[in-house]
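A quick write-up on the structure given underneath.
What follows draws every value from the coordinates through simple rules; no lab data is involved. Every value quoted in this text rests on a predicted model; they were computed, and no experiment measured them. Here Cβ is always computed from backbone atoms with ideal geometry, including for glycine, and neighbour counts include all displayed protein chains.
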Amino acid sequence: MFEVNKTARGEKRLLIAVIIALPMLGSPLLYSILCAFKDDKIFNLVDGNVVVWVCMAVLEEVVIVGMYAVMGLTVHRYEESMRERTEMLEREVRSERRKGDARVQWGEENGFRNSGRYSAPTRQAQIQGQSYH
């Protein structure tokens, strides 16, 4: 489903940052739910405990934003990573073409036509001196 190995260089770090950030989003969500549904002085938005508010809501969000900012600054630009990926794919295609050219050359040297399919009857007909099409 996920092909992490095919991601561009540096984007794996973003995936790790997202995985780390997801559980950290649970604390501000829990704080909001407790403020909305629990009738308690600690979880009151107007005159509640400031230490609980900072530790449960603000601190996690600051850490997540900082982590995303650092990861965003360290990731290569999209154009650079796409250019590197394109160059890598072009090298692979050239390598495959060289292999394919060698196969075609071998086939032509041994009497096979380049018809896209195995043409053994053609070679047998050439050996017997017949024309086979």
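Can you check what the net charge comes to around ASN49, using other residues whose Cβ is under 15 Å from the Cβ of ASN49 (Lys, Arg +1; Asp, Glu -1)?
After counting each charged neighbour, the total is -1.
At 0.36 nm per residue, and after removing the present C-alpha to C-alpha distance, how many nm does the segment from MET88 to PHE37 gain when stretched out fully?
Taking MET88 through PHE37 to full extension adds about 12.8 nm, to one decimal.
Would you mind giving the average projected area, over all directions, of the Cα convex hull of segment 26-80 in nm² with one decimal?
Taking a quarter of the hull surface, the average projection is 4.8 nm².
Applying a 10 Å radius around every beta-carbon, put 36-45, 10-19 in order of their mean neighbour count, most first.
10-19, 36-45
Taking 35 Å as R0, compute the FRET efficiency from the Cβ-Cβ separation of ARG98 and LEU15 and round it to 0.05.
Calculated value: 0.50.
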